[in-house]
Amino acid sequence: MRVVVINTGTELLLGDVLNSHLRFIAREIFALGLRVDRQITVPDGQAIRDAISESRDTAEIVFITGGLGPTTDDITREITAQLFGLKLEHDPAILLAIQARAARRGFRLTDRVARQADVPDGATVLPNEHGSAPGLYLPADAAKRRPHLFLLPGPPRELHPMFRDSVLPILRGIVPSAAAMDRRMFRIAGLGESLVEEAVGAELLALRGLELGYCARPGEIDLRLIGSESVLDEAARIVTEKLGPAIVSNDGSTLEEAVVKLLTARGQTLAIAESCTGGYLAHRITNVPGASAVFLSGFVTYSNEAKTTMVGVNAALIEKHGAVSKQVAQGMAEGARARANSNFALATTGIAGPGGGSEEKPVGTVFVALAAKDRPVSVEKRFFPDDRPTFKELTAQTALEMLRRSLV
């Protein structure tokens, strides 16, 4: 069955809000044998009508996100009803639920809130436990050239639970059984896209029935495999044999998740001292559920004085070698580990730019150090002459991968 996603909202096209709906919906429906054939993003207003009209004869299932709220630019419900000749009926139960929710949270409701309780003829209401606007499902109607329509709220915190609790059960009833297909996602660290393809591409392409894809991000590659279970097992054998040490995960989980999992399994702990990454390493680690079991301390030592006072780097080392140096990175890692009494400590110090570089240490120079209780401090010097966000991303990747490699 062909699937179209229509995302509504002028804020999406202005770049004020990141559109994450396609990624979520595509992943959720894959298990049902569905893929998104087309995605359209339109501003608030009559462009919504045009997008729905264009999809009437090209899709069997259409997901429309946004435009169900109480304000004047929320007109997805009304446009859909007009387009298919449906009368809007007021549902008092929905309004009562909205009023009860507002009372619990201490919100004052405006007169326009009642619009959210209007339901097109024949629509199924999809409860919204995390917001005021319910979703709506309209079944396909060949006589009206209407595909299966799902009208969903815009905020992800509302859409995600509604999709899993209400939309997926409906989809299971209308989607024919698909041939058993599965997907595996290998996350590869420290290798470029071309090197990964060189290592495994030819052998994987030779496997009949395997769909292969690559997705590159700073410091890592996602290797996507789609096929039957038997084909995926053979593909996994090839990938593991050729890329074993570089494989972070085979389920798409992140580098920081792998690090936290490894530390937890070993009952070991981590501290971090950051200069050029400004707390980003600690941010990534603490995004992982369960990180509190292994992460003890994070020191953001951006200034030279902080390096000395917070993690005990000898001021003479900074004076002699500079803050961006192997010696200072080593001192930061040792100091962080000692102060936190952790098993491991990571440290970063570098020049993110655009200014501050020199002929000896140009912008993009960075030192990453790993300290451990049972071995000498290891330090890697890298060069990432990129914009500041990419520099920080690559530096963090380098640090986490250093630790992961030492743990495995």
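The values are calculated or read from the model by the stated rules, or taken from the named source; none is laboratory data. What you are looking at is a predicted structure, and each value in this text was computed from that prediction instead of being measured. So basically every Cβ, Gly included, is an ideal-geometry build from the backbone, and we count neighbours across all protein chains shown. Note: areas computed on protein heavy atoms with side chains; ligands, DNA, RNA excluded. Shrake-Rupley method; radii C 1.70, N 1.55, O 1.52, S 1.80 Å.
What to note about this one:
- Flag for GLN46 being in contact (Cβ under 8 Å) with a residue 12 or more places away in the chain and either open to solvent by 40 Å² or more (accessible area, probe 1.4 Å) or basic (Lys, Arg) (or both): yes
- Matching strands (runs of 3 or more DSSP E) fully within region 1-87 where at least 3 residues are touching a His at 6+ places or on another chain (Cβ under 8 Å): 61-65
- Picking from residues in region 64-78 that are in contact with a Leu (Cβ under 9 Å, 6 or more places away or on another chain) and farther than 16 Å from ASP50 by Cβ, the one that is surrounded by the most Cβ atoms within 10 Å (Cβ to Cβ) is THR65.
- Single condition HIS148 does not satisfy, out of (1) modelled with pLDDT of 90 or more; (2) open to solvent by less than 10 Å² (accessible area, probe 1.4 Å): (2)
- Matching option when the condition is part of a loop (DSSP other than H, G, I, E, B), open to solvent by 10 Å² or more (accessible area, probe 1.4 Å) and not charged (D, E, K, R), among SER292, SER253, SER297: SER253
- Failed condition for PRO161, given (1) touching a residue at least 40 places away in the same chain (Cβ under 8 Å); (2) open to solvent by less than 50 Å² (accessible area, probe 1.4 Å); (3) in contact with an Asp or Glu (Cβ under 8 Å, 6 or more places away or on another chain); (4) more than 20 Å from ALA81 (Cβ to Cβ): (1)
- One residue from GLU203, GLU193, GLU198 being over 30 Å from ASP16 (Cβ atoms), in contact with a Cys (Cβ under 9 Å, 6 or more places away or on another chain), surrounded by fewer than 20 Cβ atoms within 10 Å (Cβ to Cβ) and not basic (Lys, Arg): GLU193
- Positions within region 88-116 being out of contact with any helix residue (DSSP H, G or I) (no Cβ under 7 Å at 6 or more places or on another chain) and in a loop (DSSP other than H, G, I, E, B), in sequence order: GLY106, PHE107, ARG108, THR110
- Verdict on VAL3 being in contact with a strand residue (DSSP E or B) (Cβ under 8 Å, 6 or more places away or on another chain) and open to solvent by less than 20 Å² (accessible area, probe 1.4 Å): yes
- When region 176-186 is limited to residues that are touching a helix residue (DSSP H, G or I) at 6+ places or on another chain (Cβ under 9 Å) and more than 20 Å from PHE24 (Cβ to Cβ), the one that is surrounded by the most Cβ atoms within 10 Å (Cβ to Cβ) turns out to be PHE186.
- Odd one out for HIS90, checked against (1) open to solvent by less than 70 Å² (accessible area, probe 1.4 Å); (2) at pLDDT 85 or above; (3) over 18 Å from ILE52 (Cα atoms): (1)
- ILE238, sole failed condition from (1) open to solvent by 60 Å² or more (accessible area, probe 1.4 Å); (2) assigned to a helix (DSSP H, G or I): (1)
- Among the candidates GLY173, GLY154, GLY209, residue that is of a type in the set (Gly, Ala, Ser), open to solvent by 30 Å² or more (accessible area, probe 1.4 Å) and touching a strand residue (DSSP E or B) at 6+ places or on another chain (Cβ under 7 Å): GLY209
- Residue match in region 141-150 (condition: in contact (Cβ under 8 Å) with a residue 24 or more places away in the chain, over 23 Å from GLY173 (Cβ atoms) and part of a helix (DSSP H, G or I)): no
- Filtered residue count, region 312-352, keeping only those that are in contact with a helix residue (DSSP H, G or I) (Cβ under 6 Å, 6 or more places away or on another chain) and without any contact (Cβ under 8 Å) to a residue 12 or more places away in the chain: 3
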